[in-house]
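Enquirer: Handing you this structure, nothing more for now.
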Amino acid sequence: MSTSPVTENVFDPRIFARGVPHEALRRLREHDPVSWQEEHEVGIWPAGPGYWAVTRYDDVRHVLRSPADFSSSLGATQIRDPAPADLPFIRRMILNMDPPEQVRLRTLVTGAFTRRRLERFAGTVRERAAALLDAVLADRRCDLPRDVTDDLPLQNLADLLGVPAADRALLLEWTNRVIGYQDPEHGTVLTDADGNPVNPRSPAALQDMFDYAEHLAEAKRRDPADDVLTALVEAEVDGEKLTDAELKMFFFLLVVAGNDTVRSALPGGVLALVEHPAEYARLRADPALLPGAIEEMLRWHPPVLTFRRTATRDVELGGRRIAAGDKVVVYHVSAHFDERRFADPFRFDLARSPNDHVAFGQGPHLCLGAMFARMQLRAFFTEFLARLPQVELDGEPRRLTSNFINGITRLPLRW
């Protein structure tokens with residue numbers, strides 16, 4: 001593999017636990033926008049073959065919008081390669097499909113995410129946010145993720161899916177297993193009989209989730225309700241319905257992506273406000289700024305740091321020759337600070353316009369749940385601004401050890 005003109009490690013998940021490596025990403029954008037990254041051993045996780053890191057906005061957007069050249073299916077969408085035996089299973093998820101199969105499946109499920117169904121939850125989401133904030137108000141301090149924001153999207157998602165209240169803790173357990181596996185405090189690593197780590201997205205690691213999804217889907221067939229899982233069970237286009245395997249994989253996607261993106265965005269947005277007190281005070285004085293403020297929070301702290309594709313053919317990108325089969329990883333968190341796209345990108349500006357971030361993706365895999373995520377952010381910050389005085393840090397935040405999710409696991413606040 002050719003040597004990059006700039007040597008920067010933006011692979012190691014432990015680097016992101018210390019904070020987004022903005023200076024390293026800036027140097028890559030400037031001098032080596034499509035750079036080769038060594039995929040070294042991390043803890044018990046073995047080394048991989050390496051990949052191309054794509055750091056400029058236009059290149060990120062191009063990769064996400066070009067599935068014919070950059071496949072979601074060939075090697076799935078995580079940096080770490082799945083075991084060859086697991087790949088056919090992982091490809092059943094829409095996230096790991098390419099058109100036309102991905103378009104067929106997306107057409108089948110789009111009707112489950114109607115504006116009417118989502119807006120039916122708006123009042124409950126806002127009441128839940130208010131209750132969680134009221135519960136900590138008199139204490140004059142809290143750890144925001146533990147006390148407030150971990151629970152909010154979890155309960156909202158359970159309502160949306162139609163998961164019984166008694167089972168809702170399972171959603172958090174499964175999310176932590178899949179998302180937090182690289183974090184020593186946040187996840188649990190499963191090992192096989194030889195002591196090798198088991199990919200958390202493999203069938204072996206998720207059998208209990210799929211068994212639960214099967215039982216819940218059967219319950220929805222017997223007793224349908226106005227929730228997303230019932231809608232998925234009943235979804236039909238031209239006489240075609242979701243297979244049992246596709247339904248289980250949608251449940252997996254919604255449980256993990258539907259929970260953890262909002263779970264990461266909420267404390268990320270609060271931290272951005274606390275670190276920019278003048279903008280925070282501006283928003284408190286003029287709540288009408290909130291819609292644009294939420295978009296700036298998503299630009300500043302995208303819930304997803306990276307996504308992987310695989311080159312389908314030899315192709316040139318950012319002046320680099322990429323070979324068929326090479327891994328190509330787009331860095332949303334770098335694209336959002338690209339000076340070529342965003343004027344003064346390191347200025348947190350609640351009225352920034354335009355603000356065409358890629359926090360919810362681009363192209364065929366544009367996030368199905370983006371409307372529901374924005375609704376939850378709007379509800380939370382409406383209540384946060386109304387119920388708490390201006391807050392400040394009460395200790396050091398702790399970030400998730402991950403090169404995929406931009407998580408915050410502790411955010412001590414006082415007021």
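The values are calculated or read from the model by the stated rules, or taken from the named source; none is laboratory data. Because the structure is predicted, anything quoted here is derived from the model rather than measured. Note: ideal-geometry Cβ built from the backbone for every residue, glycine included; neighbour counts use all protein chains shown. All accessible areas refer to the heavy atoms of the entire protein, side chains included, with ligands and DNA or RNA removed. Shrake-Rupley method; radii C 1.70, N 1.55, O 1.52, S 1.80 Å.
Enquirer: Would you work out what percent of the accessible area of region 239-291, with all protein chains in place, is carbon or sulfur (probe 1.4 Å)?
Expert: C and S atoms contribute 58 percent here.
Enquirer: Sort 378-390, 299-311 by the packing proxy (mean of other Cβ within 10 Å over each peptide's residues), most packed first.
Expert: The peptides rank, most packed first, as 299-311, 378-390.
Enquirer: Could I ask something else about it? Which of Ala285, Thr55, Leu118 sits closest to the plus end of the dipole of the chain, meaning its Cα is farthest towards the positive end, when Lys and Arg get +1 and Asp and Glu get -1 on the C-beta?
Expert: So the residue we want is Ala285.
Enquirer: Residues of region 98-132 with the amide nitrogen closer than 14 Å to a label point 7 Å from the Cα of Val237, along Cα-to-Cβ, please.
Expert: 98-114
Enquirer: Using amide H atoms built in the peptide plane, which far-off residues or other-chain residues are under 5 Å from Ile322 H to H?
Expert: Residues meeting the amide H criterion: Val315, Glu316, Leu317.
Enquirer: For the peptides 27-37, 349-359, what is the packing order when you average, over each peptide's residues, the other Cβ atoms within 10 Å and list the highest mean first?
Expert: Numbers: 27-37: 19.8, 349-359: 16.9.
Highest-to-lowest ranking by the protection proxy: 27-37, 349-359.
Enquirer: Only one of the values (1) -0.36, -0.47, -0.99, -1.25; (2) -0.32, -0.42, -1.01, -1.40; (3) -0.30, -0.40, -0.92, -1.26 was calculated from this structure for log10 I(q)/I(0) by the Debye sum over Cα atoms at q = 0.07, 0.08, 0.12, 0.14 Å⁻¹; name its label.
Expert: (2)
Enquirer: Quick check: residue separation of Thr382 and His31 times 0.36 nm, minus the Cα distance between them. What number comes out in nm?
Expert: Working: separation 351, 0.36 × 351 = 126.36 nm, distance 4.14 nm.
Contour length minus the Cα-Cα distance gives 122.2 nm.
Enquirer: Another question, then. Using only Cα positions of region 227-322, each an equal point scatterer, no hydration layer, compute I(q)/I(0) via Debye at q = 0.14, 0.17, 0.20 Å⁻¹ and quote the log10 values to two decimals.
Expert: -0.83, -0.89, -0.95
Enquirer: Restricting to DSSP H runs of at least four residues, report the calculated mean residue ellipticity at 222 nm for the chain, -39500 (n - 2.57) per run over all residues, nearest 500 deg cm²/dmol.
Expert: -13000 deg cm²/dmol
Enquirer: Over the Cα atoms of region 1-155, each weighted equally, I'd like the Debye log10 I(q)/I(0) at q = 0.13 Å⁻¹, rounded to two decimals.
Expert: Ignoring solvent entirely, the Cα scatterers give -0.98.
Enquirer: Another question about this same structure. So what are the ³J(HN,Hα) numbers for region 122-137, from phi and the Karplus equation (6.51, -1.76, 1.60; θ = phi - 60°), rounded to whole Hz, Gly and Pro as x?
Expert: 4, x, 5, 4, 5, 5, 5, 4, 4, 5, 5, 6, 4, 5, 10, 3
Enquirer: In the chain, what percentage of the DSSP-assigned beta bridges are antiparallel, given to the nearest 5?
Expert: Approximately 90 percent, going by the DSSP bridge assignments.
Enquirer: At a Cα cut-off below 29 Å, give the lysines reachable from Lys327, other chains included and same-chain residues fewer than 8 away excluded.
Expert: Here the lysines satisfying the reach criterion relative to Lys327 are Lys248.
Enquirer: Among 39-50, 318-329, 160-171, how do they line up from the highest to the lowest mean number of other beta-carbon atoms within 10 Å?
Expert: Values: 39-50: 13.6, 318-329: 17.3, 160-171: 15.6.
Those peptides, ordered most packed to least, come out 318-329, 160-171, 39-50.
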